[in-house]
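The values are calculated or read from the model by the stated rules, or taken from the named source; none is laboratory data. Being a predicted model, the structure only gives us computed values, none of them experimental. In this analysis, Cβ positions are derived from the backbone assuming ideal geometry, glycine residues included, and neighbour counts consider all displayed protein chains. When the accessible area is computed, the model is the full protein with side chains, heavy atoms only, and any ligands, DNA or RNA have been set aside. Shrake-Rupley method; radii C 1.70, N 1.55, O 1.52, S 1.80 Å.
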Amino acid sequence: MTMSGGTWQEQAARRTAVSREARTLPREPASWPSRVALGLATVAWLGTLVWLVATLPERVPTHWSSGTVPDRWSSRGVTLAMSALLPPAIADGQIGVAAHRPGGEVPGWAFPVTLACFLASIGLVVARMGLGGRYRPREDDPDLE
């Protein structure tokens with residue numbers, strides 16, 4: 001029986017060959033810029049967590065509706081647990097800033113800036129993937145026909 005791209009034996013042989021080739025490629029996150037970026041993000045998260053432990057009040061704003069005024073509050077312990085288990089340093093920073101402002105409001109620029117930083121970081125990763133040859137399909141791949 002022949003499938004698209006050859007028999008199952010031919011497909012298995014191609015998978016084995018691709019697997020062997022993939023093992024010879026350098027690891028994706030092993031480049032020094034990636035390690036530096038991960039290290040900086042980890043240090044930023046840990047620094048933010050230490051700051052939150054040292055300064056959070058007992059009642060903390062943790063959710064904002066469409067505006068900058070909080071519509072949900074949590075206890076200090078719940079907020080610290082969330083911050084430790086879900087380490088987005090930027091969001092933790094916003095919670096920390098809001099916790100120290102009157103009424104728990106965040107500055108109007110905080111959400112657009114956070115979103116822009118997030119989208120820019122994703123854009124950089126996608127651009128790197130698109131510009132590099134690692135993710136380009138090979139011309140001789142029969143599965144692409």
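General observations
- Condition met for Val36 (part of a helix (DSSP H, G or I), modelled with pLDDT of 80 or more and under 17 Å from the mean Cα position of the chain (by Cα)): yes
- When segment 106-135 is filtered for residues that are without any contact (Cβ under 8 Å) to a residue 40 or more places away in the chain, part of a loop (DSSP other than H, G, I, E, B) and open to solvent by less than 100 Å² (accessible area, probe 1.4 Å), the ones remaining, listed by number, are Pro107, Gly132, Gly133.
- The set of residues in segment 3-17 that are under 20 Å from Arg136 (Cβ atoms) and either assigned to a helix (DSSP H, G or I) or at pLDDT 80 or above (or both) comprises Arg14, Arg15, Ala17.
Conditions tested, residue by residue: (1) at pLDDT 80 or above; (2) surrounded by 15 or more Cβ atoms within 10 Å (Cβ to Cβ).
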position	(1), (2)
Ser19	yes, no
Leu25	no, no
Trp51	yes, no
Glu58	yes, no
Thr62	no, yes
Ser66	no, no
Arg76	yes, yes
